[in-house]
Amino acid sequence: ILILSPDNPENHLRYAKAVFPCRKPCYIDKTFALDRATAEAIFAEAEKYGVPTFSSSALRFAAELRDITEPVQSVSVNGWGAFDIYTIHFTEIAVRLLGSEVDSVMVTNHTKNVTAALRYRDGRTASLNMFEVEGAPGFSVSVEWKENKPGTYLNLSRDFFMNLLSAVLDMFDGKGVPVKKEETIAVIALIEAIRRARETPFTLVKV
């Protein structure tokens with residue numbers, strides 16, 4: 001089953017409750033939920049019926065990110081889009097590369113363009129630069145490695161939709177869920193925290 005309601009995540013819990021009793025693997029389009037509590041409720045419903053399920057920004061599956069296995073110290077994610085719909089792409093990339101242990105976030109402006117600074121519990125950092133302007137560039141990531149070597153700049157442009165669809169079909173074929181629920185919950189909690197942080201620029205907000 002595919003739940004395709006990308007711009008209306010407020011409906012996802014209701015839809016999940018309607019289809020999970022069918023006990024079929026289910027992909028839920030991004031953004032998974034509006035807040036951590038709802039994300040946890042959806043996964044609770046999935047566990048109740050034994051339903052394999054996941055959700056993800058397609059950009060998590062970009063070919064340029066697929067082979068990154070070395071420890072990452074810091075990332076800067078750049079891209080475009082309206083905050084309410086596209087923030088998922090930025091947070092998904094950060095969690096994919098640095099993990100889910102985000103401690104706090106700060107937003108440094110109160111405009112349509114959003115810059116969010118993330119601090120992880122172990123001191124690592126990420127910056128998310130979201131441009132809601134005409135002509136903004138596509139998505140890119142600057143990676144600083146833990147090892148002593150030059151950083152890497154990546155334009156995310158290859159195969160992400162096809163790779164996501166392949167991951168969905170693999171789940172339908174019984175090959176497992178490609179994204180841990182803990183990471184998806186962290187992604188949604190981070191979006192929720194950034195939303196709060198926009199109201200008080202230059203103030204750390206706990207995730």
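Could you tell me whether Thr152 is within 22 Å of Glu70 (Cα to Cα), open to solvent by less than 50 Å² (accessible area, probe 1.4 Å) and either modelled with pLDDT of 95 or more or among the aromatic types (Phe, Trp, Tyr) (or both)? The answer is no for Thr152.
Summed over the stretch 142-165, the residues that are free of Cβ contacts under 8 Å to residues at least 60 places away in the same chain and over 18 Å from the mean Cα position of the chain (by Cα) give a count of 6. In the stretch 103-129, of all residues being open to solvent by less than 10 Å² (accessible area, probe 1.4 Å), closer than 17 Å to Val143 by Cβ and aliphatic (A, V, I, L, M), the one that is nearest to the chain's Cα centre (by Cα) corresponds to Leu128. Of the residues making up the stretch 119-163, those that are part of a loop (DSSP other than H, G, I, E, B) and more than 24 Å from Met106 (Cβ to Cβ) number 11.
Being surrounded by 12 or more Cβ atoms within 10 Å (Cβ to Cβ), out of contact with any Pro (no Cβ under 9 Å at 6 or more places or on another chain), under 29 Å from Tyr27 (Cα atoms) and not acidic (Asp, Glu) is the filter here, so list the residues in the stretch 130-149 that pass it. The answer is Met130, Phe139, Ser140, Val141. Taken over the stretch 39-88, the criterion of being over 17 Å from Gly138 (Cβ atoms) and touching a Pro at 6+ places or on another chain (Cβ under 8 Å) is satisfied by Ala46, Tyr49, Val51, Pro52, Thr53, Phe54, Ser56.
For Ile42, are the conditions met, namely being touching a His at 6+ places or on another chain (Cβ under 6 Å), of a type outside the set (Ser, Thr, Tyr), under 21 Å from Pro178 (Cβ atoms) and buried (at least 16 other Cβ atoms within 10 Å of the Cβ)? Considered against the rule, which asks whether it is touching a His at 6+ places or on another chain (Cβ under 6 Å), of a type outside the set (Ser, Thr, Tyr), under 21 Å from Pro178 (Cβ atoms) and buried (at least 16 other Cβ atoms within 10 Å of the Cβ), Ile42 comes out as no.
The values are calculated or read from the model by the stated rules, or taken from the named source; none is laboratory data. Computed from a predicted structure; not experimentally measured. All Cβ positions, even for glycine, are placed from backbone atoms using ideal geometry, and neighbour counts span all protein chains on display. Heavy atoms of the whole protein, side chains included, go into the accessibility calculation; ligands, DNA and RNA do not. Shrake-Rupley method; radii C 1.70, N 1.55, O 1.52, S 1.80 Å.
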